[in-house]
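These notes are about the structure you will find just below.
The values are calculated or read from the model by the stated rules, or taken from the named source; none is laboratory data. This one's a predicted model, so the numbers in the text were calculated from it and none came from an experiment. Positions of Cβ are generated from backbone atoms using ideal geometry, with glycine treated the same way; all protein chains shown enter the neighbour counts.
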Amino acid sequence: MVNKDAIRTALCIVCSVILFLSILSPTPPFHEKDAVEDLSPRPYFTIRNCALLFITINGIRLVIEFIYAVFYPLYVGKKRQSYFAQKKLCLVLDLDHTLLHSVNINDVSNDEQKYLNSRVSSVGSSLYKHDRMGKYIKLRPYTREFLKEASGMFILFIYTMASRQYAQEIGKLLDPNGVLFNNNINIVSREDSTIINKKNLDVMAGPYEKNTIIIDDTEHVWAEHGENLIRIDRYMYFSAVDGSYKLKKDGGEGCVDEDEALKSISEVLHCVHKMFFESFPVPQAYHELQEYAKTVDVRPILKESRNNSGKGAPNC
Ligand SMILES: [Mg+2]
């Protein structure tokens, strides 16, 4: 399979070489005396040439931005309508402490490493050792079942404050066939965010405040989309002790990992999805679907289904 990162890197190198050569191209052959005798001593890049270069580059950029500004809203609008036509809403998922807990291998004590290494290859294990990233990754219990069930009702997205490389690698681990996250296209990382340490739906194509449910263990990063959020308890498989990580153990008999938060949230999602499409039946006609996408809103249904537990989790 073609590695997209390798292609991107190769293109960057080729473009950089072309740009460098294009800058050098007007350089006269100074090593040949006869060839430079008639040249003016004035700098080759005159103000006029620089101005032309500036206008050309910015002119091209302006045209590209104009095309983007005109066609992008049309593209996104059609995409959102297609989701509703499939009877699907959008589900934006955080990674760390929501779907998994990962730690650097070097931060785990030697004794713990031996224990973990004996478990990573066992059948049915949700514990992974990713040598290239240098990490142990433990999926939250029920993660794979949760994603499979949710994909029947929602278009799935990941939004993490971690790096793009990390997000892409975890995306491959969670979705090796590229089915759940659209070949990792539906993954957003901190490099895509417009505000440091904040998440916002405006950087995503498809999800918007009226059609999206968010699941995240960190509430404050979603300051603008609190009404879309189901906050999940922070998942910790490892615990930090004296600068290194240890497993949470119960009487020395192994790690206690009986978290059922995703199971509970899956039930809630089933309920909210059912209530939404019962309240707002999807029209068949195309022009009605346009109007439908503008008017329906999942937030009141999510609000209605919340209980008073104070955790922000709905109860249908
Ligand atoms: Mg998190």
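For the residues Asn177, Asn200, Asn184, the requirement of being modelled with pLDDT under 95 and touching a Gly at 6+ places or on another chain (Cβ under 6 Å) singles out Asn184. Across segment 115-160, the number of residues qualifying as more than 18 Å from Leu91 (Cβ to Cβ) and either out of contact with any Phe, Trp or Tyr (no Cβ under 6 Å at 6 or more places or on another chain) or part of a loop (DSSP other than H, G, I, E, B) (or both) comes to 21. Would you pick out the residues in segment 211-225 that are more than 16 Å from the ligand (Cβ to nearest atom) and surrounded by fewer than 18 Cβ atoms within 10 Å (Cβ to Cβ)? Scanning segment 211-225 gives a single hit, Glu224. Out of all the residues in segment 138-155, is one or more out of contact with any helix residue (DSSP H, G or I) (no Cβ under 9 Å at 6 or more places or on another chain), within 16 Å of the ligand (Cβ to nearest atom) and modelled with pLDDT of 95 or more? The answer is no, given that none of the residues of segment 138-155 is out of contact with any helix residue (DSSP H, G or I) (no Cβ under 9 Å at 6 or more places or on another chain), within 16 Å of the ligand (Cβ to nearest atom) and modelled with pLDDT of 95 or more. Name the single residue, out of those in segment 84-108 being farther than 22 Å from Arg164 by Cβ and buried (at least 18 other Cβ atoms within 10 Å of the Cβ), that is farthest from the ligand (Cβ to nearest atom). Residue satisfying both the conditions and the ranking: Phe84. Please determine whether any residue of segment 71-78 is in contact with a Cys (Cβ under 8 Å, 6 or more places away or on another chain), of a type outside the set (S, T, N, Q), closer than 24 Å to Gly226 by Cα and more than 16 Å from the ligand (Cβ to nearest atom). No - not one qualifying residue is present in segment 71-78. Within segment 242-263, is even one residue at pLDDT 90 or above and surrounded by fewer than 16 Cβ atoms within 10 Å (Cβ to Cβ)? Yes, segment 242-263 contains at least one residue that is at pLDDT 90 or above and surrounded by fewer than 16 Cβ atoms within 10 Å (Cβ to Cβ).
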